[in-house]
1. Out of A:72, A:68, A:82, A:95, report the one residue that is touching a Gly at 6+ places or on another chain (Cβ under 6 Å) and among the β-branched types (Val, Ile, Thr).
2. For residue B:119, work out the one condition from (1) free of Cβ contacts under 8 Å to residues at least 60 places away in the same chain; (2) assigned to a helix (DSSP H, G or I); (3) buried (at least 19 other Cβ atoms within 10 Å of the Cβ) it doesn't fulfil.
3. Just one of A:80, A:86 is within 12 Å of another protein chain (Cβ to nearest Cβ), in contact with a His (Cβ under 9 Å, 6 or more places away or on another chain), β-branched (Val, Ile, Thr) and surrounded by 16 or more Cβ atoms within 10 Å (Cβ to Cβ); which is it?
4. May I ask you to list the residues in the range B:63-80 that are farther than 25 Å from residue B:157 by Cβ and surrounded by 24 or more Cβ atoms within 10 Å (Cβ to Cβ)?
5. Taking only the range B:80-96 into account, find how many residues are assigned to a helix (DSSP H, G or I) and over 9 Å from residue B:59 (Cβ atoms).
6. Residue check: is residue B:89 modelled with pLDDT of 95 or more and touching a Leu at 6+ places or on another chain (Cβ under 6 Å)?
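The values are calculated or read from the model by the stated rules, or taken from the named source; none is laboratory data. Every value quoted in this text rests on a predicted model; they were computed, and no experiment measured them. All Cβ positions, glycine included, derive from the backbone under ideal geometry; neighbour counts span all protein chains shown.
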Amino acid sequence: MSEMNEANDQTAATAAISLDALDAIQLDALREVGNIGAGTAAASLSAMTGERVAMGVPSVKIIPIERVPDQVGGDEALVVAVYLQVIGDAPGHIVFILQADMARELCDTLMGGMDPGEPGPTGFSEMQISALQEIGNIMTGSYLRALADLTRLHLEPMPPALGIDMAAALISSVVAEVARTVDLALIIETQFEDEETPSIGYFAFIPEPDSLGVVLKGLGLIA
Amino acid sequence: MTTDLANDKRTLADSLKVGLGQLTATSDPADVLVALGLGSCIGLIMADPVARVAGMAHVMLPESGIHKGPIQEGKYADTAVPALLAAVTRLGADRNRLIIKMAGGSQMFASGSGAGVLNIGTRNAIAVRDALGKAGLKLTAAQTGGSVGRTLQIVNRTSVVTVRAVGGAPQEI
């Protein structure tokens, strides 16, 4: 016999705009934000690797904050995650996740066959880690710039932080940061893919609850 | 207590996953409780090897104080400790026989935007210890801190608790 204490879905975040109250047009606009942000990042990635990187259709989800790791999936799978805190007019969080195999391939492409050196405990060498840090900086930076241009808001990145570990461990740590003030998370997520692999990476933007109204206003959707 | 990992035919698929902020207790000896990929979160176990009762909480944050609205008890250290104690004793565990173990509380992101995240892992571990102290309970074993993700598991039949890091083998704590 087991007792479960399930996540309470009824708790709504106290915010200028309630997540439950978003209409179809607003959700569409937020999806477009994800589209343009990730599209810009994908273009940067293509430019770095010289290979075509495609994007899946972005989705906007409003889910209890505890469910975010399940959405991303992977549990114990080894991934590379870049986490970026956004400050300015609309504070929020950007997470970029790459499957470990894909990250290794990217490093090889970028380093043009150079010996990467001894792998550390995570399976990546120091040189590979700094290459990944750079990739993360460029990807998250272009995502954020697209977001700022689109909304005409002043958005600034904190220095991106890199983690290489179990997917759930990395995501849940970001989620814990957000969960201090939020019960429901709005995530705008986009999958990256190339010709062979259907899912090589994942982008999520999680605005702080008070930022949602600011973003929608920036998009001209509320007065 | 004997370690019987090799003879335990159960796989992860059979075990009860304790997700973020959840709290689960069981008196079924066949149950295995697992928290996958703990980062800054803490997996807290209370188990009674005699009564074959085991419980686990997946704690995300140190305290419930700043939170508005209804509270999910497993989510915060200060509410998870009394709630987990109540859940296992309700199933027949004796608080004097409890083994109490925890893992997690890591800093998953080394720098930059991760600075705030670091704080939560460390503070989670401290808050769980404090809450245990307040409840008059003693921690039996812990593996917290550092910068690694961990999976925490308890096999109720044996009360064996293991921790596994990425790419590593499970280690008993």
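1. A:82
2. Only one criterion in (1) free of Cβ contacts under 8 Å to residues at least 60 places away in the same chain; (2) assigned to a helix (DSSP H, G or I); (3) buried (at least 19 other Cβ atoms within 10 Å of the Cβ) is unmet by residue B:119, namely (3).
3. The unique qualifying residue is A:86.
4. Taking the range B:63-80 first, the residues farther than 25 Å from residue B:157 by Cβ are B:63-73, B:75-79.
Result: B:72, B:75, B:76, B:77.
5. Summing the residues that are assigned to a helix (DSSP H, G or I) and over 9 Å from residue B:59 (Cβ atoms) in the range B:80-96 gives 11.
6. So residue B:89 fails the test.
Residues are listed down the side, and each one gets a yes or a no for (1) among the aromatic types (Phe, Trp, Tyr); (2) under 16 Å from the mean Cα position of the chain (by Cα); (3) crowded, with 24+ Cβ neighbours inside 10 Å:
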residue	(1), (2), (3)
A:139	no, yes, yes
A:144	no, yes, no
A:152	no, no, no
A:157	no, yes, no
A:161	no, yes, yes
A:167	no, yes, yes
A:171	no, yes, yes
A:176	no, yes, yes
A:184	no, no, no
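Condition check ((1) closer than 30 Å to residue B:73 by Cα; (2) of a type in the set (A, V, I, L, M); (3) modelled with pLDDT of 80 or more) across all residues:
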{"position": "A:5", "(1), (2), (3)": "yes, no, no"}
{"position": "A:10", "(1), (2), (3)": "yes, no, no"}
{"position": "A:19", "(1), (2), (3)": "yes, yes, no"}
{"position": "A:28", "(1), (2), (3)": "no, no, yes"}
{"position": "A:39", "(1), (2), (3)": "no, no, yes"}
{"position": "A:43", "(1), (2), (3)": "no, yes, yes"}
